[in-house]
Number of protein chains: 2
Amino acid sequence: MKTKWDQLFAERTRNICGSQIRQYFALTERPEVISFAGGFPSNEFFPTAEIAAAVSGLMQEEGNQSLQYSSTEGSMELRALIAEKMSRQNAQCNPENIIITDGSQQGIDLLSRILINPGDPVLVEEPSYIGGTSAFRSHGGIPVGIKMDQDGPLPLSMEKTISMLITEGKQPKMFYTVSNFQNPTGVTTSYERRLEILEIASRHNIIIVEDNPYGELCYEGEIPPSYKSLDREERVVYLGSFSKVLIPGIRIGWMAGPGPLIEKAILTKQSTDLCSSSLGQQLAYRLSKEGFVEKHTRKLIDLYRRKRDVMIEAIDHYFPPDVEFNRPRGGFFIWVNFPSSYPTSKELLELALQNNVAFVHGEGFSNSGDGGTHSARFSFSQPPQEHIKTGIKTLGNLFWEIETRQSLKAVEKV
Amino acid sequence: MKTKWDQLFAERTRNICGSQIRQYFALTERPEVISFAGGFPSNEFFPTAEIAAAVSGLMQEEGNQSLQYSSTEGSMELRALIAEKMSRQNAQCNPENIIITDGSQQGIDLLSRILINPGDPVLVEEPSYIGGTSAFRSHGGIPVGIKMDQDGPLPLSMEKTISMLITEGKQPKMFYTVSNFQNPTGVTTSYERRLEILEIASRHNIIIVEDNPYGELCYEGEIPPSYKSLDREERVVYLGSFSKVLIPGIRIGWMAGPGPLIEKAILTKQSTDLCSSSLGQQLAYRLSKEGFVEKHTRKLIDLYRRKRDVMIEAIDHYFPPDVEFNRPRGGFFIWVNFPSSYPTSKELLELALQNNVAFVHGEGFSNSGDGGTHSARFSFSQPPQEHIKTGIKTLGNLFWEIETRQSLKAVEKV
């Protein structure tokens, strides 16, 4: 009898769905396409020579240990280094409060697994990072969007959403935020806003999950103090990563939080994958300790700033003025809002792909019914500067054509 | 208001519990202790020079790609190589049927997440690998033990257990087995037994999860054909790993299974950790393609065989004859049964630790109420040969003392 797989999947498996980004991968990854879709760091900036040298040094000095399983919580050296760094940034932290994870994505997944009961609402930014919301969903959580402006999540929207949920008998447990150069909008939550959000969270016993993969890629000014550094109630769980400032290919991130949570996270991670890559941990440690990561980050800031500037200048120059966009001070992303008279951003993406340019349409990032239909995420991290210019120019032509056709139709009607 | 963490954990978090192995880590890892506890591969056999050379080559030739995120399913090259290798072993397989995982442990976790509803029974061997049963438990599964003999799980025990569960309205969905050189018993399931188990599984639409981390470390004779190679019904999910034949520190394993399952696994893994380490994948690929992994495995077989022989000879020589043990033909583990007149294996472990020798007592591996109280797992993989001899001698003295004291007491009573 052939196996009846349909009968075998668990309830929770019905909730999993692929990221729309992944669905478009086959199209956006064609070599002729200029892609603003992927939010990956730029290949061209990877420090290959330093990685080779570091591995060679590791193998000579402590090869055995860096090829063995590590403890589930991760290497003590690396956790101590991270704790020290966070403490220098006023986010007081001990190695015991840190668990090494497979990128910060695993931190989100472990947290979801530890905290979410099926049906639990999870407060998120509207729009929000797809990898976050899909992790919440895969554990039965229901992302509920908090509206944002240029200063971050709106306290009033948060208050109203919480009240509404409590009325429905659903106490939200956590608020997930990418506080600096948010994915997908590029927005950084202001200092005042952070204080307001913390105060609301405190009043309702809600945890703040602060995911900060981009914070160190700041191209202008300074980022506000982290939620973690403002926390006096063990309320904030901080997720960090080496993916954007070093390399993603070693899958090394961390979660910093209160003891009881980290203990649960270690036990959960143990049955998930035993431990994160020791080779990756040792590389992250060695290259941080030697000061290379810091130096490399400064270089990355210069390189990515230039790409951002090229994209913003090109948009300023080529896009019709009623296509709105923000000017992020760091990170990888520019959020674009199209006039409501335009085709939906999904339709625009189809048109763009016919012209060999790709971006991500906004719907997947939205957690309200009809959000994102006229928005899109443009990433400037990967394409070379020349391609950024060409791609934006192509899109500009496309948008001007749409507007011209619309004007002509309006004239015909008159 | 200080955060009330107690109120925030999800239902499923109550089910997670640490491995007893981990609880004893602090004790067994003291440098003066000869430890037969950990089931890690031996540090001394890690190919540090080859790893350094491979990374150096990778960085020169394709550094950028091996430091970037990979696709969630993993590198096409590595999947093709694994598929070819499995097909050569008569387990026909395409790259599309394979997902790269963070060690085979992540395969177990993904499967649990995809298949298990809270309360679902999961058939396991009695005793069984703790990492497997704790993954099942952490998703609400209830491991139910199938008794074993020297030829593997007993078909009669399996039939009876399934009948009993069905009577209780609980259809089991899967049977988890470490078919070669099992962790913890070292038992290899015979060919005939595999056919019988497959037939039972087919009749009840039960999936077989074949976890095979040790199969290639065969010191005598040959292993029987894999369940996967005998499967004509898309019933078997195969878990493989580079941890034992290459290194665990890159966290690279794989799951091979039918299309619908692999598709769910990819979607689930995406929100779990995005992808496995690209650097690890490229290393596994490069060192396999060059034929190094195969060559290294042959060397490991010689080295581990010697350790096994030293432990078996020492046990033969130093242990009282009524302490029973098996003689595994491969892998890392020897299972020891103590006479029922002995103190429990937990108490024996305490005594052993006072004498600076460690092993794992049997209770944690058991999924019946009182199993394993007089059994223990001895691993010969890590300690050097000299330590194996010394450690076994120390334990032998301890066991003889116990027997002598018991005889004296018996004499006193007469």
Worksheet item: Label-point separation (nm) for A:D370 and A:L303, each offset 7 Å from Cα along Cα-to-Cβ?
Response: 4.4
Worksheet item: In nanometres, what is the gap between the two model label sites at A:N90 and A:R327, each 7 Å from Cα along Cα-to-Cβ?
Response: 2.7
Practice prompt. Considering the options B:V357, B:T390, B:N43, tell which one lies farthest towards the positive end of the dipole of the protein assembly as shown, charges being +1 on Lys and Arg and -1 on Asp and Glu at the Cβ, about the Cα centre.
Written response: B:V357
Discussion item. Charges on Cβ only, +1 for Lys and Arg, -1 for Asp and Glu, centred on the Cα centroid of the stretch A:67-290; of A:I266, A:P224, A:P213, which one is farthest towards the dipole's positive end?
Written reply: A:I266
Worksheet entry | On Cα atoms only, tilt of B:385-413 relative to the major axis of chain B in degrees | 40
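Relative contact order, percent, of the stretch A:160-226 when contacts are C-alpha pairs under 8 Å separated by at least 6 residues?
This gives 38 percent for the stretch A:160-226.
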Fill in: Vicinal HN-Hα couplings computed from phi for the stretch B:137-153 (Karplus, 6.51 cos²θ - 1.76 cosθ + 1.60; Hz; Gly/Pro x)
4, 5, 9, x, x, 10, x, 10, x, 9, 5, 10, 10, 5, 9, x, x
Worksheet item: How many nm separate the modelled label positions at A:S163 and A:Q65, each set 7 Å beyond the Cα in the direction of the Cβ?
Response: 5.6
Practice prompt. Could you pull out every one of the aspartates and glutamates with an alpha carbon less than 16 Å from that of A:K409, ignoring same-chain neighbours closer than 8 positions?
Written response: A:E401
Fill in: Charge tally in the Cβ shell below 15 Å around B:P320, where Lys, Arg are +1 and Asp, Glu are -1, B:P320 excluded
-3
Item to complete: Among A:R305, B:R308, B:R203, rank each residue by its count of other Cβ atoms within 10 Å, from fewest to most, as a rough exposure measure.
Response: B:R203, A:R305, B:R308
Item to complete: Can you tell me the relative contact order of chain B? Whole percent, Cα pairs under 8 Å, sequence separation 6 or more.
Response: 23
Discussion item. How charged is the neighbourhood of A:T161? Take every other residue with its Cβ under 15 Å from the Cβ of A:T161, and add Lys/Arg as +1 and Asp/Glu as -1.
Written reply: -1
Worksheet item: Over all Cα pairs of the stretch B:237-288, how is the pair count split among 10 Å bins, expressed in % and running from 0 up to the last occupied bin?
Response: 23, 50, 27, 0
Item to complete: Could you please report the charge total around B:S35, scoring K, R as +1 and D, E as -1 over all other residues with beta-carbon less than 13 angstrom from its beta-carbon?
Response: 0
Practice prompt. If a/c stays under 1.5 just call it rounded; otherwise compare a/b with b/c (prolate if a/b is bigger, oblate if not). Do that for the stretch A:203-247, with a ≥ b ≥ c from the square roots of the Cα gyration tensor eigenvalues.
Written response: oblate
Item to complete: State which entries of A:K170/B:K264; B:K2/B:K170; B:K244/B:K389; A:K228/B:K264; A:K295/B:K4; B:K307/B:K413 exceed 32 angstrom in Cα-Cα distance in the structure shown.
Response: B:K2/B:K170; A:K228/B:K264; A:K295/B:K4; B:K307/B:K413
Fill in: Relative contact order (%) - criterion: Cα under 8 Å, at least six apart; region: the stretch B:68-290
28
Discussion item. Can you give the Rg/Rh ratio of the stretch B:68-290, where Rg is from the C-alpha atoms and Rh is the Kirkwood radius?
Written reply: 0.95
Worksheet item: Of B:K85/B:K173; A:K147/A:K299; A:K160/A:K269, which sit over 30 Å apart, Cα to Cα?
Response: A:K147/A:K299; A:K160/A:K269
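Return the calculated 222 nm mean residue ellipticity for chain A, to the nearest 500 deg cm²/dmol, obtained by summing -39500 (n - 2.57) across DSSP H runs with n ≥ 4 and dividing by the residue count. Please report the intermediate quantities before stating the final value.
On the way: 13 runs with 187 residues, N = 414.
Value at 222 nm, helices only, nearest 500: -14500 deg cm²/dmol.
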Worksheet entry | Extension gain (nm, one decimal) between A:E32 and A:E220, 0.36 nm per residue minus Cα-Cα | 64.4 nm
Worksheet item: Cα to Cα, under 12 Å, and not fewer than 8 places away if on the same chain: which aspartates and glutamates meet these conditions relative to A:K393?
Response: A:E313, A:D316
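Determine one quarter of the surface area of the Cα convex hull of chain A, which equals its mean projected area, and express it in nm² to one decimal. Before the final figure, lay out the partial values.
Values: hull surface 97.8 nm².
Taking a quarter of the hull surface, the average projection is 24.5 nm².
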Worksheet item: Is the shape of the stretch A:341-414 best called rounded, prolate or oblate, per the rule: a/c under 1.5 gives rounded, else a/b larger than b/c gives prolate, else oblate, with a ≥ b ≥ c the square roots of the Cα gyration tensor eigenvalues?
Response: oblate
Worksheet item: How far is helix B:155-167 tilted, in degrees, relative to the longest principal axis of the Cα atoms in chain B, given as a value from 0 to 90 rounded to the nearest 10?
Response: 70
Worksheet entry | the stretch A:67-290, dipole about Cα centre (Lys/Arg Cβ +1, Asp/Glu Cβ -1), debye to the nearest 20 | 360
Practice prompt. Classify the stretch A:101-147 as rounded, prolate or oblate, taking a ≥ b ≥ c as the square roots of the eigenvalues of its Cα gyration tensor: rounded when a/c is under 1.5, otherwise prolate if a/b is larger than b/c and oblate if not.
Written response: oblate
Worksheet item: How far is B:L303 from the same spot in each other copy, in nm, shortest first, if each label point sits 7 Å from Cα toward Cβ?
Response: 3.7
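Laboratory data are not the source of any read-out in this text; all were calculated from the coordinates shown. Computed from a predicted structure; not experimentally measured. Because the Cβ atoms are built from the backbone with ideal geometry, glycine has one as well, and the counts that use them run over all protein chains shown.
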